[in-house]
Structure formats: structure tokens, C-alpha cells
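Each remark here refers to the structure printed beneath this line.
Coordinate-derived values only; no laboratory data. Treat the numbers as computed from the prediction; the structure is a model and nothing was measured. Cβ placement follows ideal geometry from the backbone for every residue including glycine, while neighbour counts extend to all protein chains displayed.
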Amino acid sequence: MYIHETQYRVRYGDTDQMKYVYYGHYARLFEIGRVEAMRALGFSYRQFEEEGVMMPVLDLHCNYLKPAFYDELLTIRTTVTEMPGVRIHFQYDILNEAGEHIHLGKTTLVFVQMHTNRPCRIPEHFAAALRPYFEQT
């Protein structure tokens, strides 16, 4: 299992009239966590696209536990839950400054060849970077 944490400070524009982080912004927080988790392994979406592979989102699930507020420093814990094949599954735990779980989410992305628009297997260099996190000790 691969786990990465990144932090995000809630901006005023992230909130709604109730002063909560607007529910639609959680998908963006997932993307921030996902991008930073990949970057920590040495990869970026740009690199995959330059290699002809895109990663569209297949599904997204959210579970709102507590609100997040303006200027709060959130921790986005992103987990790759299983070794990817054609699909990659991410789990997100968002914690507030007190360390309380305020949001749980999941996404599934698919590796797709840009020139054929067909699903493909995970690029081998990305698989090689993830493999050590899934090997039995």
C-alpha cells in the first residue's frame, strides 16, 4: 500500500455562504492529493500525457463527516490501495488541524492510450516505482 500526505490551506473562495468548504471542492482536494502523491514518486500527469497516456476518472465517491472551514490547514492522506493494472484506485482521508477525519473519498482512474482512446496497462516505469509498496515482507 502506498500512502502520501500533503497539506492544503482552505482559501476564502473554497467556502460557501455557510462558511463551510463547498461540497464540490472535495474533488479538487482529491486531485491535489493524487497529483502530489504521484509527484512524490517522481511522476506527473504531464509526463504521462507526453508519453501518450491519460488517466480519466472512472468514478468518485465522497463521505462528508464534518465541515472544513476557511483558513483551516487540512491534511490530505492519499492511499493507493492495490497494485494498479488498467485501473488505479485511490482512497482519500482528509483531516482537520485537530487530526479529526472530516472527509473520506475514493476515486478510480483508468490508464488510456491517447492515440487509440483505449484502456491500457499501467506504464511499466510507474508500476516499478509502486511495486515495492505492495511486496510482501
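Checked against (1) without any contact (Cβ under 8 Å) to a residue 12 or more places away in the chain; (2) within 15 Å of Ala27 (Cα to Cα), Ile94 passes all but condition (1). Scanning the stretch 1-48 for residues that are more than 15 Å from the chain's Cα centre (by Cα) and of a type in the set (Lys, Arg) yields Arg9, Arg11, Lys19, Arg46. Contact map, the stretch 2-30: first residue free of Cβ contacts under 8 Å to residues at least 12 places away in the same chain and surrounded by 14 or more Cβ atoms within 10 Å (Cβ to Cβ), second residue in a helix (DSSP H, G or I) and not β-branched (Val, Ile, Thr), Cβ cut-off under 8 Å, separation 6 or more or different chains; pairs are Tyr22/Asp14; His25/Asp14. Scanning the stretch 56-68 for residues that are more than 16 Å from Glu100 (Cα to Cα) and assigned to a strand (DSSP E or B) gives Val57, Leu58, Asp59, Leu60, His61, Cys62.
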